[in-house]
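Taking it in order: structure first as structure tokens, then the write-up.
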Amino acid sequence: MFVAGDHADAKERTTDLLKSYGWSDILDLGPLVCARGMEMYAHMHSAIGFGLGQHYGGHFGIKVVR
């Protein structure tokens, strides 16, 4: 899961919440301006899902290699 924001406390609380939901890999992209990239990723994810014939969801993922 990606997070971005200008307030360290808010990102920390969000990260803690995501972990409580079961997310184990959370990537902090930096300041709020980076959220624009996250929005574009959502469009790409939808396009890949439709391309795979998995309308309205589906089971696939993208791996970020660090």
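Here are some notes:
- CD proxy at 222 nm, helix term only [per DSSP H run n ≥ 4: -39500 (n - 2.57); per residue of the chain; nearest 500]: -15000 deg cm²/dmol
- For the chain, the dipole from Cβ point charges (+1 on Lys and Arg, -1 on Asp and Glu) about the Cα centre works out to 220 debye, to the nearest 20.
- At an R0 of 30 angstrom, the distance between the Cβ atoms of Ala8 and Val65 translates into a FRET efficiency of 0.70.
- Three-way shape call for the chain based on the alpha-carbon gyration tensor, with the a/c threshold at 1.5: prolate
- Our estimate of slack between Leu32 and His45, defined as 0.36 nm per intervening residue step minus the Cα-Cα distance, is 2.6 nm.
The numbers here are math on the coordinates, done by the rules we state, and not lab data. Every value quoted in this text rests on a predicted model; they were computed, and no experiment measured them. Because the Cβ atoms are built from the backbone with ideal geometry, glycine has one as well, and the counts that use them run over all protein chains shown.
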